[in-house]
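Undergrad: Below is one structure. I have some questions about it.
The values are calculated or read from the model by the stated rules, or taken from the named source; none is laboratory data. What you see is a predicted model; the values in this text were computed from it and never measured. Cβ atoms come from the backbone with ideal geometry, glycine included; neighbour counts cover every protein chain shown. Note: areas computed on protein heavy atoms with side chains; ligands, DNA, RNA excluded. Shrake-Rupley method; radii C 1.70, N 1.55, O 1.52, S 1.80 Å.
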Amino acid sequence: MQRVTTRNGIASLAFVSALFWAPLAVAQPSEQLAELNDLWVTIPDEDRSDLVLLPALASMDAPPPAASSIPAAALLTPDSDSWSSVESWATAPAQVATLDALKTVSERRSRFVFAQPYGDNVGNAAKDAGLWTDLGNPPLLANASFGWIEPLSALGALVQVEATRLGAAGDVTEAMNLVTSWIRFARSFADRQFQDEVSTALSWMIFGMERLRDLAYLYGDGVDGVELRAVIRELDERELNIARLRLPKGHRLAAEELLAMTFIERGGPNPDTFGRVFAQLETGDRPMRLFAEAARWQRLADQHADYFSTVDELESAHSDWSLRWDVTPFDLIWNQAPHYERIDSQRHALITNVVPNAMELFEQRRALRTEIAGTRLALAIVGYEEWGGGWPDPVFAVRPRFISEIPIDPWNPAEDEPLQFFVPIRDLPSSERVQPGPHEMTIHEWQAHLSPEGLSAGAANRAAMMSVLGGDAASAAERVSAAMNIDMIRGQILGLLNGVQAGVITQASIPEIAETVANARASGGRQVTAVDRGMMTMFGALEAEEGEPYTTEEFKQLLESYFTDLLNAPATSEALTTLRAGRQPSDAQVRAVFEACLVSLVNRQFEVETGSSLETESDASFSRTFDATQFILYSVGFDGIAQRAEQVGPGGTDILIWPPMLSLIRDQLNNN
């Protein structure tokens, strides 16, 4: 009965809102725009979440600076300096009404759809509030500007503040229910038809999952096991209809719309429209650039493929994405690059300039599935501890009381392996001689975890290299050294040390040595033969694995950096002290110098090839130590190798589920 009353109230609200927010009659839209908006025409007003939520958003007060973004708002606690002003904002009538609207449109298994049409066919109130999709002038799908993204992000920030307020007041379940409502709304918003919209919605869902774990981390003592089971059940992929997520078609239709406008059917680019239309798209609100852009696009017209070739290429790209969307990430199809990434950007500039690479959505969907699996299992473990007084041993003990089945790790190539779980100290091997210690973890590039832009180019390069190395350069060097017989490396290292002790390798002589070696390499092709082979064996790793080999100048730069690192390494000083005392360096000293050499080779090669440093900035990472009072839950990540969550974060190798990254970052910021 309560359900009927709620729906009647919703219908009344939607009817009143529709008087001001309903579509207006406009000029005939393009065929492509009409096809896009036909998706929403059958949705009755009482099922339209936009008619309920957007009027409330229009009345919202702007968030305080401290809550200007979703992550910033989530990091706040009642102990924060700005909490008083943020709490006052969150509890003001306009914000309370907006949260009520959110709860209304995100009821479990409700029929609500965010069905506002694209373009001018919206009510005046939506336009006046800027809460619509502006297609520009002339109206083109490729011009789509989404006025509701920023206000909906402000709603996300409001959800974080209110969840913290509720959790701190002891109502942890209500805090989790609010975040779950936000996740459900984001899921419905993910059915919109432009990649920007879908990507934003997926990012909200991903963050919402972590926020649920964060609330359990902050206020775990107040979690009720029975209510926690209900939250876990609502986060099931089947409840959220994750399998029904589809690739949006807005950008494909935008490309088809432009193709119809700027090409001669059965011919090539139309000289009367091609340059002008694309120049307008490129320049936007910079009219002074229009002439230059028009000329550039007119030149591209001469190289561009014809109408049918462009149609075929567009269809091939989308067919390929659609096929990949429905197979696992480990299907053989992934051995070949997606069709879109093989498109000639000159011959098909229309496609590559209008249609974004949809692989971003593939990555986000996989990240979301990891977050869903991890959040459900983490909450089950927290519930088990609250119920049983300890961490499960093994993790399967949480089943079936808290979760029906143990989630599979979406990143594990075995495709049937669960997420990785262990309790520090308790789950490490021990013996009479070896007692396990606390777990050491490094969180890399933590700022990127809070940034909508994600990793910078340098950080992304570092993350990729760490995946190849299986950790940072130092840990990789230790593994390589441990796997090698000491006799294989002693001769090389002693040759280098003897050169330093004899004064052959000094800071002053390094440039000359580097130039001699680089020139010898250049004169002899890629093989170095003109210098002492015992020393030069070390430089086999300095050749690029792909693409062009290093230039002589690049190779010289590498050698100079390498020898400088060698002279300044503490391991070198210790080994030289032993040599000068008339003794041979120990095996441990030889290995330490060898490892220092490897670290230098990797670091310097990375700098030359990427233009950035592999050595993470001091403030871009931090370390934490965990004992048996915490558990560790993680995914193997994109390299598919379980490495005990030793290196995590956007620049790490494993994907940390518990403790939540957000919680660790907050702790770190508070400690600083």
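Undergrad: How large is log10 I(q)/I(0) at q = 0.16, 0.18, 0.26 Å⁻¹ when the Debye formula is applied to the Cα atoms of segment 308-354, each weighted equally and without solvent?
TA: -0.46, -0.56, -0.94
Undergrad: Taking all protein chains as present, what is the carbon and sulfur share of the accessible area of segment 78-186, in % to the nearest whole number, probe 1.4 Å? Show your work: numbers first, answer last.
TA: Working: 1710 of 3990 Å².
The value for segment 78-186 is 43 percent carbon and sulfur by accessible area.
Undergrad: Okay, next question. Under a plain spin-label model, where a point goes 7 Å from the Cα along Cα-to-Cβ, how far apart in nm are S431 and A474?
TA: Going from the S431 label point to the A474 one covers 2.7 nm.
Undergrad: Taking 0.36 nm per residue of sequence separation and subtracting the Cα-Cα distance, how much length would be gained by fully extending the chain between V311 and N670, in nm to one decimal?
TA: That works out to 123.7 nm of additional length.
Undergrad: Also, quick follow-up: Ordering H444, H339 from largest to smallest accessible area (1.4 angstrom probe), what's the sequence?
TA: The ordering from most to least exposed comes out as H339, H444.
Undergrad: Which of the peptides 80-93, 369-382 is most tightly packed, and how do the rest follow, going by the mean number of other Cβ atoms within 10 Å of each residue?
TA: 369-382, 80-93
Undergrad: Which whole-number percent of Cα pairs in segment 104-179 have a distance greater than 15 Å?
TA: 67 percent
Undergrad: Could I have the simple spin-label model distance between R399 and I264, label points 7 Å from Cα toward Cβ, reported in nm to one decimal?
TA: 6.5 nm
Undergrad: Which whole-number value in Å² is the accessible area per residue of segment 59-186, probe 1.4 Å?
TA: 37 Å²
Undergrad: Give me the percent of accessible area attributable to carbon and sulfur for segment 201-330, probe 1.4 angstrom. Don't skip to the end; give the middle numbers.
TA: Working: 3080 of 6120 Å².
Carbon plus sulfur share of accessible area: 50 percent.
Undergrad: Which lysines have a Cα lying under 25 Å from the Cα of K127, excluding residues fewer than 8 positions away in the same chain?
TA: Leaving aside lysines fewer than 8 places away in the same chain, those within reach of K127 are K103, K249.
Undergrad: Scaled to the compact-protein estimate 2.2 N^0.38 Å, what is the alpha-carbon radius of gyration of segment 324-439, rounded to two decimal places?
TA: Compared with the compact-globule rule of thumb, segment 324-439 sits at 1.58.
Undergrad: Counting only Cα, what are the radius of gyration and maximum Cα-Cα distance Dmax of segment 132-217, in Å?
TA: Considering segment 132-217 through its Cα atoms, Rg and Dmax are 15.4, 54 Å.
Undergrad: For segment 221-278, report the accessible area per residue in Å² (1.4 Å probe, heavy atoms, rounded to an integer).
TA: With all protein chains present, segment 221-278 gives 48 Å² per residue.
Undergrad: On a full-extension model of 0.36 nm per residue, what is the gain between L323 and N519, subtracting their alpha-carbon distance, rounded to one decimal in nm?
TA: So the chain would gain 65.4 nm between L323 and N519.
Undergrad: In nm, to one decimal, how far is the modelled label at D236 from the one at A337, with both set 7 Å along Cα→Cβ?
TA: Placing both labels 7 Å beyond Cα along the Cβ direction yields 4.2 nm.
Undergrad: Please find the FRET efficiency linking E227 to L39, where r is the Cβ-Cβ separation and R0 is fixed at 45 Å, and quote it to the nearest 0.05.
TA: So, using R0 = 45 Å, E works out to roughly 0.75.
Undergrad: Ranked from highest to lowest mean number of other Cβ atoms within 10 Å per residue, what is the order of the peptides 551-559, 622-630, 45-53? Could you put the intermediate results ahead of the total?
TA: Details: 551-559: 18.0, 622-630: 14.0, 45-53: 23.3.
Result, highest mean Cβ count within 10 Å first: 45-53, 551-559, 622-630.
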